[in-house]
Structure formats: C-alpha cells, structure tokens
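Visitor: Below is a structure I'd like to ask you about.
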Amino acid sequence: MTDMTAPKALVAGNWKMNGLKAASAEISKLNDLVNENGAKCDVLICPPYTLIGTLADLGAENVAIGAQDCHMNISGAHTGDISAEMIREFGCEHIIVGHSERRADHGESNETVKAKASAAQATGATAIICVGETIDEREAGDAVSVVTSQVKASIPDDATADNTTIAYEPVWAIGTGKVPTAGDVEEIHAEIRAVLETRFGADGAKIRILYGGSVKASNANELMSVPNVNGALVGGASLKADDFYGIISAYDEIG
C-alpha cells in the first residue's frame, strides 16, 4: 500500500539522443493512454532539445515535457549550449542535471551539477539531480559513500521539495539490463533520504527520490514499491508509449 505521507510519484522518461519529429506520435499515444486509463503518478518526458518545442506544442495535457540538461549561465558566449531560461520559454518545468553520462562524457563535477541545478531553479523549474555509483565503486563497498557525497555536493543550499528531485541511477545498471536488488535500492534511497532530512528538515522528507537503471514494465512494480522510491527515471523503455505506460501503470497495483 502506498505511504500516504510520501510525495506523489513521478515517472520520467529520458529520451537521451533519440527521437525525430515522427516521435510526436508516441507522445500523443501516451497522452491518450493516460487519458483513457488514468495515472496515479505524474508523467514527464525529457526529449532532445530539438523536439522540446514540437512536443510542447502538442498540448498533451497528461504528459509534461522537460529537458535533459542546461547551462549554468543564463546567457553568454557558450556556443552550442542552452540556458534554463531558453528551456523554460517552452513551458518546461523540469530539467535533468548531472546525469552520469554528462558526468562521464563531459567531465561534469558535483560543483558544475550544483551550478546547473541552481540555474534551473532560478527560472522556477525543478532540477532533477542525478547521482549514482560505478560498478567498481559498488564492488569496493563504496556505493553509499559515493552516492551520499554526490547528493551533499550537488544540491544547492536553497533546495526545496518544490524545486528539487533526486534521481538515483547506479551507473552499472543504466541500459545494461542489470538491476540492483530491491534491498540494494532500499539501502541507497534510505541513505539519500537521511541526507535530505538532515540538511533540509521536514522539507527533506518531501523531496522526491526517483530510481533509474534498466526500469521496465516487468520490474517496475517491485522497484516502485521500495520505501523512499518516489518514481522512476526511465531510459530506453520510455521511447515507446506502450512500454512506458506499462511502467506508469505499476502504480495502479501499488496504490
């Protein structure tokens, strides 16, 4: 049974570098599925920048559109970058920052992620701050210390439940089909919650903590039922409406 004191769940899709204009059909289909069958969680899709305007213009009232990243500055000589203000102009209310692929491929530090989160929050958007350990860190027994250190260093001091969401994604589980046990997820999410409550008090208890890493319809119910898991950040399984709705509908059984 769902904890009635827990924040409302969010199931977010991160399309990464996937999707052309034809993908609009999947958003329309997803919107129809939610409209016809309902959803006991908030639904979000974060497409590539090139699709944000197109998907926002669909007016899919059941599917919010967000972004996968933003620059830490509001404007300036930053060729190829996009500011949070530019993203917000399309009505996006969520911006992912600090995804492991950004940390690894672009060398983003906790300090950079914190600055990006602040930039997103300054526009009124919610920053979805990603954290997670590598397989080497987990096997060395450092998963908890790595993740909690990332949480502490990546969250702005003025974070609230309204402008901040945490997404725990073990790097070794992203797109690999490997999934931590429910016990592993519970341990990390409990540690994240403890950090949030220690730093932000009662508001820290309300900040959503999502789980991400090879989430699919077949394991969503088990993962989303874990204490302190307030939704999911989904990769490949969010590209098709039917697959993604299978994860969303896990909350029909949990609730």
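Visitor: From (1) within 15 Å of the chain's Cα centre (by Cα); (2) surrounded by 22 or more Cβ atoms within 10 Å (Cβ to Cβ), pick out the condition that doesn't hold for Val185.
Guide: (1)
Visitor: Now, a different point. Can you pull out the strands (runs of 3 or more DSSP E) entirely within region 87-203 that have at least 1 residues that are charged (D, E, K, R) and under 24 Å from Asp69 (Cβ atoms)? It would help to see each step written out before you state the result.
Guide: Details: elements: 94-97, 126-131, 164-168.
Those strands (runs of 3 or more DSSP E) do not exist here; none qualify.
Visitor: If Asn228 satisfies every condition in (1) more than 24 Å from Asp157 (Cα to Cα); (2) in contact with a helix residue (DSSP H, G or I) (Cβ under 6 Å, 6 or more places away or on another chain); (3) of a type in the set (S, T, N, Q) but one, which is the exception?
Guide: Failed condition: (1).
Visitor: Separate question: If Val43 passes every condition in (1) among the hydrophobic types (A, V, I, L, M, F, W, C); (2) free of Cβ contacts under 8 Å to residues at least 12 places away in the same chain; (3) over 22 Å from Lys116 (Cβ atoms) but one, which one does it miss?
Guide: With (1) among the hydrophobic types (A, V, I, L, M, F, W, C); (2) free of Cβ contacts under 8 Å to residues at least 12 places away in the same chain; (3) over 22 Å from Lys116 (Cβ atoms) applied to Val43, the lone miss is (2).
Visitor: Tell me which of these Leu20 doesn't satisfy, since it passes every other one: (1) over 21 Å from the mean Cα position of the chain (by Cα); (2) within 21 Å of Thr165 (Cα to Cα); (3) among the hydrophobic types (A, V, I, L, M, F, W, C).
Guide: The single condition Leu20 does not satisfy is (2).
Visitor: Considering region 207-225 alone, what residues qualify as being surrounded by fewer than 19 Cβ atoms within 10 Å (Cβ to Cβ) and more than 30 Å from Leu20 (Cβ to Cβ)?
Guide: Asn221, Glu222, Ser225
Visitor: Which ones in region 3-59 are crowded, with 17+ Cβ neighbours inside 10 Å, touching a helix residue (DSSP H, G or I) at 6+ places or on another chain (Cβ under 9 Å), hydrophobic (A, V, I, L, M, F, W, C) and assigned to a helix (DSSP H, G or I)?
Guide: Listed by number, the residues that qualify are Ala23, Ile27, Leu30, Leu33, Val34, Leu51, Ile52, Leu55.
Computed from the coordinates by the stated procedures, all read-outs in this text should not be read as laboratory data. Keep in mind that what you see is a predicted model, and the values were worked out from it rather than measured. All Cβ positions, even for glycine, are placed from backbone atoms using ideal geometry, and neighbour counts span all protein chains on display.
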